[in-house]
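The values are calculated or read from the model by the stated rules, or taken from the named source; none is laboratory data. All figures in this text were calculated on a predicted structure; none of them were measured in a lab. Neighbour counts are summed over all protein chains in view; Cβ atoms, including those assigned to glycine, are modelled from backbone coordinates with ideal geometry.
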Amino acid sequence: MKRILPILFFLPALAASSQIRLPAVIGDHMVLQQQSEVTLWGWSGPGEDIKVKPSWSEDTVKTMATNYAKWSLKVKTPAAGGPYTILIRGNTDLTIYDVMIGEVWICSGQSNMEWSMNNGVADAAEDMPKANFPDIRLFHVNKSGAATPQEHGEGTWELCSPETMKRFSAVGYFFGKKLNATMKIPVGLINVSWGGTPAEVWTPEEKVNANADLKASWEKLNEIKWWPKNAGSTYNSMIRPLVPYGVAGAIWYQGESNTASPSTYAQLMRTMIESWRADFGREFPFYFVQIAPFSGYGRDFEAALIREQQAKTLTVPKTGMVVVSDKVDNIKDIHPKFKKPVGERLAMLALSEMYNHRTPGYKSPVYKSMTAEKGKIRISFDYAEVGLISFGGDPKEFSIAGEDKKFYPAIAKIEGSTVVVSAKEVKVPVAVRFSFSNDAVGNLFNKEGLPVSPFRTDDWEVIMTEVKK
């Protein structure tokens, strides 16, 4: 007993001195997802009684910390509004101030999502000095990689201002601004992006390793000093600490760094999306950007095949894709400088499909079917019900082939919501391609002004040969 008593006497003192700690994403100025049951969590003394009292409710929610000193509980949130406070009581008290209730979105991907106003955005000059939007809250996750899942995370919530927005994702900002302006409710944006990163690093390592095709593609990636290569490394340190924070959905701009192995990209994206949804406990919407035209890829058709895989990702429930080929100012720059229409097109998807603020023609036309007609092929599209238009003459970037699989530049004519394609060199055509290259910039749109997504009607093998310099 003499050995045990000092330990027993010491335990109450340890408990009394313990303090409540919270993950980085839970703090002053945060936005909680409206009309849902959100999870709040943190750390304290092991076995400590924790009581949470939000100012929007008369109820107090209680729990007890585990022997790992961690606690977690669920709190019901009201309709959008605020500001509120949240009082957390244990052996010590902690109050979270200026909490808003609204819509929370993750903004993730590589450099085109990370790209901030500070990097140079061609269409931001008018917005920057006016960006005082206290109902838009910004949370920027700092870059870090880890071999195992992390818990606390990094970052702080900030009110949107001309100063804070210029350091934030430009695509994320314009997305959130459009949601806030349309719905008149608070919006929380969590920027968790890292330029150059392949999608494997945002996917749990065990999910990549469990699939032979995904693992083989990942092993082809080169080690780069500017970003991690290991599967799951940014997921562990930048996504996992956000779990299980309540979110409405995610927007994603990435794909350029996966062009070395495009054939598995759709499978990889499905795996990543399903993993994130399982972690956050919700099949939330996932909207992404199809990569833009760029001439600097090492092999022909790399980007075309990634775009094709991105279109295939639309088979995943509650996903959506925006096309931005018309907003490329320089095909020699992998970072198009026009970010406002990218964010706004993503917002149109969310507003139309999730929030019942439907905008006519909010989706880019995508290939639907083809019909052979005496020496010609007629192409039909989804999301072109009102009709198609082209700028600068007839539609460009079409090619056509016969059974010999040799493609020739094609003449394309718009007929209502269809395009009729032909070439004198191809008497009996069997396949059509549109903007199917690394850097093609098409001029075909629906009448609402959104560009047609690149496509091909064939499934022939595509050889990615080295680009001639």
Only residues that are small (Gly, Ala, Ser) and surrounded by 17 or more Cβ atoms within 10 Å (Cβ to Cβ): list them for the range 194-231, please.
Gly195, Ala199, Ser217, Ala231
Just wondering, is there one or more residues in the range 180-194 that are under 21 Å from the mean Cα position of the chain (by Cα), in a helix (DSSP H, G or I) and either of a type in the set (D, E, K, R) or closer than 18 Å to Trp276 by Cβ (or both)?
no
Could you check, for the range 301-310, whether at least one of its residues is farther than 24 Å from Lys368 by Cα and either buried (at least 21 other Cβ atoms within 10 Å of the Cβ) or of a type in the set (D, E, K, R) (or both)?
no
Would a scan of the range 166-178 turn up a residue that is in a helix (DSSP H, G or I), assigned by TED's automatic domain parsing to the domain that holds Tyr253, under 25 Å from Pro244 (Cβ atoms) and among the basic types (Lys, Arg)?
no
Sole residue being over 16 Å from Arg378 (Cα atoms), charged (D, E, K, R) and either buried (at least 22 other Cβ atoms within 10 Å of the Cβ) or within 27 Å of the chain's Cα centre (by Cα) (or both), chosen from Glu425, Glu448
Glu448
Cβ pairs under 6 Å, 6+ apart, first in the range 406-422 and touching a residue at least 40 places away in the same chain (Cβ under 8 Å), second among the polar types (S, T, N, Q) and part of a strand (DSSP E or B)
Thr418/Ser380
Looking only at the range 13-64, count how many residues are over 29 Å from the mean Cα position of the chain (by Cα) and not acidic (Asp, Glu).
27
Among Val419, Val462, Val441, Val467, the single one that is within 28 Å of Ala260 (Cα to Cα) and in contact with a Pro (Cβ under 7 Å, 6 or more places away or on another chain) is Val441
Run Val121 past the list (1) within 20 Å of the chain's Cα centre (by Cα); (2) outside any loop (DSSP other than H, G, I, E, B); (3) more than 27 Å from Asn230 (Cα to Cα); (4) in contact (Cβ under 8 Å) with a residue 60 or more places away in the chain and report the number of the one that doesn't hold.
(2)
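Could you say whether any residue in the range 127-148 is over 21 Å from Lys177 (Cα atoms), of a type in the set (A, V, I, L, M, F, W, C), surrounded by fewer than 23 Cβ atoms within 10 Å (Cβ to Cβ) and modelled with pLDDT of 95 or more?
If we filter the range 127-148 for residues that are over 21 Å from Lys177 (Cα atoms), which is where we start, we get 142-148.
Filter once more, so that each one left must be of a type in the set (A, V, I, L, M, F, W, C): 146-147.
Filter once more, keeping what is surrounded by fewer than 23 Cβ atoms within 10 Å (Cβ to Cβ): 146-147.
Pick out the ones that are also modelled with pLDDT of 95 or more and you get 146-147.
Looking for residues that are over 21 Å from Lys177 (Cα atoms), of a type in the set (A, V, I, L, M, F, W, C), surrounded by fewer than 23 Cβ atoms within 10 Å (Cβ to Cβ) and modelled with pLDDT of 95 or more, one finds at least one in the range 127-148, hence yes.
Test of understanding: among Val441, Val462, Val432, which residue is part of a strand (DSSP E or B) and under 21 Å from Leu305 (Cβ atoms)?
Numbers: Val441 fails: part of a strand (DSSP E or B); Val462 fails: part of a strand (DSSP E or B).
Of the residues listed, the single one that is part of a strand (DSSP E or B) and under 21 Å from Leu305 (Cβ atoms) is Val432.
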Note down all Cβ pairs under 9 Å where the first residue falls in the range 211-225 and is more than 17 Å from Met272 (Cβ to Cβ), the second is of a type in the set (D, E, K, R), and they're at least six residues apart or on different chains.
Asn222/Lys229; Glu223/Lys229
Pairs returned, first residue in the range 231-250 that is in the same structural domain as Met272 (by TED's automatic domain parsing) and closer than 23 Å to Phe175 by Cβ, second residue that is small (Gly, Ala, Ser) and modelled with pLDDT under 95, beta-carbon separation under 7 angstrom, 6 or more apart or interchain, are Pro241/Gly153; Leu242/Gly153
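So which residues in the range 332-359 are among the β-branched types (Val, Ile, Thr) and surrounded by fewer than 17 Cβ atoms within 10 Å (Cβ to Cβ), if there are any at all? Outline the logic, then answer.
We begin by selecting, within the range 332-359, every residue among the β-branched types (Val, Ile, Thr); these are 334, 342, 359.
The answer is Thr359, and nothing else.
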Hits in the range 20-76 - residues which are among the hydrophobic types (A, V, I, L, M, F, W, C), in a loop (DSSP other than H, G, I, E, B) and within 25 Å of Glu154 (Cβ to Cβ)
Ile20, Leu22, Ala24, Val25, Ile26, Met30, Ala65, Ala69
Identify, from the list Ile106, Ile101, the residue that is outside any loop (DSSP other than H, G, I, E, B) and either without any contact (Cβ under 8 Å) to a residue 24 or more places away in the chain or under 30 Å from Pro336 (Cα atoms) (or both).
Ile106
Looking at the range 246-286, which of the residues that are more than 14 Å from Ala311 (Cβ to Cβ) and among the aromatic types (Phe, Trp, Tyr) is farthest from the chain's Cα centre (by Cα)?
Phe280
